[in-house]
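Coordinate-derived values only; no laboratory data. Given the structure is predicted, the values throughout are model-derived calculations rather than measurements. Using ideal geometry, Cβ is built from the backbone for each residue, glycine included, and neighbour counts are taken over all protein chains shown.
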Amino acid sequence: MADRPNQHTDEERRVSKLDHDEEVAAEFSPTPAGIPIRTNNKEHNEREGADTENSGVGLGITALILAVLSFFMLPFLLAPAGIIIGAIAARRGSSWGIWAVAVGIIAVIVSLIVLPFRLIF
């Protein structure tokens, strides 16, 4: 083998061809619209993680405001809205969303307990 440097074994040719095919397939394959391309770039992935981490904060705060407002008005409308939006925010990693779900559940329970007394008195 040492006297023939340009000669490759069948196994080397097969592996080389497979590597080349995969590279070409990755370059020319179409990606459906709206589906992000995953990269191995660590810096890009860290930036993307920070965006998703912060994306639930606004929803969480909004959900918490709805849940707190449900103690004072429209408890059976605002509390479930706060719970649903809070659950979405919690799935995105916001601790505000967890608080909103808890406060919304408490608001519904308190409203169910207080409602009969409001009707009586």
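FRET efficiency for Leu77 and Ser55, Cβ-Cβ distance as r, R0 = 35 Å, nearest 0.05?
The calculated FRET efficiency here is 0.85.
The phi torsions of the stretch 92-98, fed into the Karplus equation with coefficients 6.51, -1.76 and 1.60 and a -60° offset, translate into couplings of 8, x, 9, 6, 4, x, 5 Hz, rounded to whole numbers, with Gly and Pro shown as x. Working note: Karplus 6.51/-1.76/1.60 with θ = phi - 60° gives the stretch 110-120 the couplings 5, 5, 5, 6, 7, 4, x, 6, 5, 6, 6 Hz, where Gly and Pro are set to x.
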